[in-house]
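Starting off with a structure, shown below.
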Amino acid sequence: MSRGIALAVAAGVVVLGGAGAFAIAYAGEQAPALAHSTARYIAPDGDRDGSFTFTTDVTASSGVKSLKVLAWPADSAFAQQELTAKDMAAAESATCEPAREDTTRCVYTIAVSGAEAESSPRGPWHVAVLATAEDGTTTLATKAARFTVR
């Protein structure tokens, strides 16, 4: 093999190796992905509390550190001014358990009293979530799911 061909092959290996390393580094820093998000609201009935439950699958190659959940009325101030990660800092955390290789199932459930239901706006609501991976990357979904309060 001539010297020029050997240098070209070597340069190609270096370029392809560098591109592969970049692809691996990029893949390791991808933000968490949400899938199969659902929200369920059950109104209180008589003396029995109702409940609100949000469930989602979070996939993150480094693992899931936390998932913050915030339900908000569709006609609230958040409809005009988008929620931010800073807004989500005080939101409550879901409970997350491993489901598959890189996927965690997160569930947030809270009781809803009759008084809380009475004071809540009627109509459509959205669920905002902030998913944080172990490597620090985040995903903010301001409308991850929707439900209706009647």
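Take the Cα pairs of the stretch 25-150, get the Kirkwood Rh, then feed it into Stokes-Einstein at 37 °C and 0.692 mPa s and tell me D in µm²/s.
My calculation gives 216 µm²/s for D.
Which percent of the accessible heavy-atom area of the stretch 40-150 goes to carbon and sulfur, probe 1.4 angstrom?
48 percent
At 7 Å along the Cα-to-beta-carbon direction for both ARG40 and ARG150, put a label point, then send me their distance in nm to one decimal.
1.6 nm
Below 10 angstrom from the Cβ of THR132, what's the summed charge of the other residues (Lys, Arg +1; Asp, Glu -1)?
Around THR132, the surrounding residues sum to 0.
Taking a probe of 1.4 Å, how large is the accessible area per residue of the stretch 97-139, in Å²?
Per residue, the stretch 97-139 has an accessible area of 54 Å².
Which value in nm describes the separation of the simple spin-label points at ARG48 and VAL107, placed 7 Å from the Cα toward the beta carbon?
About 1.8 nm, to one decimal.
Can you order the peptides 102-108, 87-93 by their average number of other Cβ atoms within 10 Å per residue, highest first?
Taking the mean over residues of other Cβ atoms within 10 Å, the ranking is 102-108, 87-93.
Moving on. Count the net charge of all other residues whose Cβ sits under 15 Å from the Cβ of ALA31, scoring Lys and Arg as +1 and Asp and Glu as -1.
-3
Obtain the nm distance between the two label points defined at SER120 and GLU134 by a simple spin-label model: each point lies 7 Å from its Cα along the Cα-to-C-beta direction.
It is 3.5 nm.
From a point 7 Å beyond the Cα of SER93 in the direction of its Cβ, which residues of the stretch 45-70 have a backbone N at a distance under 14 Å?
64-69
I need the shape label for the stretch 42-87. Rule: rounded when a/c is under 1.5, else prolate if a/b > b/c, else oblate, with a, b, c from the alpha carbon gyration tensor.
Taking the square roots of the gyration eigenvalues as a ≥ b ≥ c, the stretch 42-87 is oblate.
For ALA79 and SER66, calculate 0.36 nm times their separation in residues minus their Cα-Cα distance, and state this gained length in nm to one decimal.
Stretched out fully, the ALA79 to SER66 stretch lengthens by 2.2 nm.
Can you give the Rg to Rh ratio for the stretch 89-150, taking only C-alpha atoms and Rh from Kirkwood?
Ratio value, two decimals: 1.04.
The values are calculated or read from the model by the stated rules, or taken from the named source; none is laboratory data. In this text, all values refer to a predicted model and were calculated from it rather than measured experimentally. Here the Cβ is made from the backbone with ideal geometry for all residues, glycine too, and neighbour counts use every protein chain on show. Quick note on the areas: whole protein, heavy atoms, side chains included, nothing else; ligands and nucleic acids left out. Shrake-Rupley method; radii C 1.70, N 1.55, O 1.52, S 1.80 Å.
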